[in-house]
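The values are calculated or read from the model by the stated rules, or taken from the named source; none is laboratory data. From a predicted model like this one, the values you see are computed outputs, not experimental measurements. Here the Cβ positions follow ideal geometry from the backbone for every residue, glycine too, while neighbour counts run over all protein chains shown. We work out accessible area using only protein heavy atoms, side chains counted, and drop any ligands, DNA or RNA first. Shrake-Rupley method; radii C 1.70, N 1.55, O 1.52, S 1.80 Å.
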Amino acid sequence: MAGIASAVLLGASGCSAEGGWQEPDKGQAAVLLKAEAGAKGVAWLAFGGSPDGLAAGPDGAVYGSGAALAEITKDRKARHILEDEVHGTGGLVVLSRNAFVVGKREHILRITADGAQTVLAGASGAPRKSGQAVPKSVPAKEVHFGTALAKPFGTRPDGSILITDNDVVWQLKDGRLTRVYQVTADSAGGSEPSVGTTGTVDRAGTVYVAPRSSKKEATLGNIVTVRQGGTVGKVALPKRVAEVGESLASLNVSWMTGDGGDGIYVHAYGKSGSYVIHLESGRAQAVAKAPERIGSGKECKEGNPVDALDLPCFMPTALVYSSGSLILAGDASYVLKIPVK
């Protein structure tokens, strides 16, 4: 169902004197909208189920993609954009309010709000095997992507679209794919290496990915950086930070997003809980904390904002930075907003 113009009211009321929305302050968290399973509307389809993509557009609006694609509007409603067209897709890059890039089957597609689709990259046929060498640069429509779904996740300052492809990171520009990075078994810590479930990019165009293998999960201590010029490095980490009850390097990576500058935010988890960690210039700071990594029946409730470092509920899986705040969605019946600036 493409291009449904109506918006479904999904707002979360705060507990102000008038009963309206109460904007959280820096360091607080509040339910931005509800996304309950079984509810009629697009919120659950786009923001409540397992996240396939969560991204901010050029205008700062936040979009979610799952069984449907929708935008969170300024008045905390969900604007339905697409449904059937995004089933089975992965990743999300927002070009404009009406144009998006996703991965689907063996292709990277540009999809518009009226449902029109254009193949940007990928060739039909047998997938590339994991570990198989790939060329430095190749016409985009001649590449056979790997066995995992290729996922667009961001753009560099020159407009290149970044894509994770099993064990490879590509950048797409002017009809060509250029290899940014390929994970090896050594860098991933075991066989069947991949670039993990998520990647991100900062303002300077530095790419961040967290390699994993069949034996080792993606961890904070193994996040790889690839600068515009191709220099590969590692994120510098202190051993510990306040509010985190274990070694930072050992935390598993769930999702990453740029911070609008030269750093990133990472949703990571470990034995001591689930966290959002801000990483920048060798420094680390916890900006959100929840007691458990998996759902325990404890849900964030609509109402007054709460301390983001003392969340009484499950922290949604995916996160994206937009206009001074983090938006968290996925695997939960609500979307959270956490101002960080």
Is it true that Gly303 is part of a loop (DSSP other than H, G, I, E, B), touching a residue at least 24 places away in the same chain (Cβ under 8 Å), out of contact with any Cys (no Cβ under 6 Å at 6 or more places or on another chain) and open to solvent by less than 20 Å² (accessible area, probe 1.4 Å)?
no
How many of the residues in the range 317-334 are closer than 20 Å to Ser50 by Cα and modelled with pLDDT of 95 or more?
8
Just to be sure I understand the filter: pairs with C-beta atoms under 9 Å, separated by 6 or more residues or on different chains, first member in the range 241-265 and closer than 11 Å to Ile277 by Cα, second member part of a helix (DSSP H, G or I) and open to solvent by 20 Å² or more (accessible area, probe 1.4 Å). Which pairs pass?
Glu243/Leu309; Leu248/Gly221; Leu251/Gly221
The range 139-156, residues that are in contact with a Lys or Arg (Cβ under 7 Å, 6 or more places away or on another chain), open to solvent by less than 70 Å² (accessible area, probe 1.4 Å) and either over 25 Å from Met256 (Cβ atoms) or among the polar types (S, T, N, Q) (or both):
Pro139
In the range 280-288, is there at least one residue being in contact (Cβ under 8 Å) with a residue 60 or more places away in the chain and either buried (at least 18 other Cβ atoms within 10 Å of the Cβ) or at positive phi (or both)?
yes
Taking Glu142 as meeting all but one of (1) among the acidic types (Asp, Glu); (2) over 22 Å from Val42 (Cβ atoms); (3) at pLDDT below 95, write down the number of the exception.
(3)
Filtering strands (runs of 3 or more DSSP E) wholly in the range 226-277 for at least 2 residues that are open to solvent by 30 Å² or more (accessible area, probe 1.4 Å) gives 232-234, 252-258
Do any strands (runs of 3 or more DSSP E) entirely within the range 170-216 hold 2 or more residues that are under 17 Å from the mean Cα position of the chain (by Cα), and if so, which?
199-201, 207-209
A careful count of residues in the range 57-110 that are among the acidic types (Asp, Glu), within 23 Å of Leu172 (Cα to Cα) and either assigned to a loop (DSSP other than H, G, I, E, B) or at pLDDT 95 or above (or both) gives 2
Taking interchain pairs and intrachain pairs at least six residues apart, which have beta carbon atoms under 7 angstrom, with the first residue in the range 330-341 and on the phi > 0 side of the Ramachandran plot and the second open to solvent by 10 Å² or more (accessible area, probe 1.4 Å)?
Gly330/Ser50; Gly330/Pro51; Gly330/Leu54; Gly330/Thr317; Asp331/Ser50; Asp331/Thr317
Among the residues that make up the range 76-97, is at least one of them under 16 Å from the mean Cα position of the chain (by Cα) and open to solvent by 20 Å² or more (accessible area, probe 1.4 Å)?
yes
So in the range 108-126, with the set limited to residues that are touching a Phe, Trp or Tyr at 6+ places or on another chain (Cβ under 9 Å) and free of Cβ contacts under 8 Å to residues at least 24 places away in the same chain, which one is surrounded by the most Cβ atoms within 10 Å (Cβ to Cβ)?
Leu109
What single numbered condition from (1) closer than 24 Å to Ala68 by Cα; (2) out of contact with any Lys or Arg (no Cβ under 6 Å at 6 or more places or on another chain) fails to hold for Gly103?
(2)
Sole miss for Thr200 among (1) farther than 23 Å from Asp262 by Cα; (2) among the β-branched types (Val, Ile, Thr); (3) surrounded by 18 or more Cβ atoms within 10 Å (Cβ to Cβ) is condition (1)
Tell me which residues, restricted to the range 308-319, are open to solvent by 10 Å² or more (accessible area, probe 1.4 Å) and under 15 Å from the mean Cα position of the chain (by Cα).
Thr317
